Amino acid sequence: MSNLVVPIGLSTANLINGMCRTVSFLLVLFMAGAFFSCQKEKLPKGVLSKEELSALMVNIYLAEARLSVAMVPRDSADKLFQPFQAKLLKDRGISDSTMSITYQYYVQHPQELEQIYDSVIDTLALREQRSKPAESEKKVE
């Protein structure tokens, strides 16, 4: 065994003091990390928000669905769809460059893009679900 004698009161106090400082530092570090990770990342200028892009995509998908039901050949449907899409963007004040920047941003942020697609799918499913009772009422009459 060792003959080294350490004054217990002094070393215990230093040890507790050091531990308190370490715990305090880690707590502050943890809180700062939590604070910054919970803040929303600011979108770059010209990028549509998730909500804006989701709403736009819903309208685009609905327009594509209308054309597919119309039994129009694919090349004709594309020609009909282009002016509609241009009008949709113009009515919302969205330029081609804004769409380009937006797509580039969300391709680089796939988790956010997945959230947008989830929102689009949920919205379309809800609209379909709401339209089914209306369709069944028409058949009964």
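Descriptive notes on the structure:
- Qualifying positions in the range 43-92 - more than 20 Å from Glu114 (Cβ to Cβ) and outside any helix (DSSP H, G or I): Lys45, Gly46, Ala70, Met71, Val72, Pro73, Arg92
- Asp75 vs. criteria surrounded by fewer than 11 Cβ atoms within 10 Å (Cβ to Cβ), of a type outside the set (Lys, Arg), farther than 13 Å from Glu52 by Cα and touching a Leu at 6+ places or on another chain (Cβ under 9 Å): no
The numbers here are math on the coordinates, done by the rules we state, and not lab data. The model shown is predicted, which means the values in this text are computed figures rather than measured ones. All Cβ positions, even for glycine, are placed from backbone atoms using ideal geometry, and neighbour counts span all protein chains on display.
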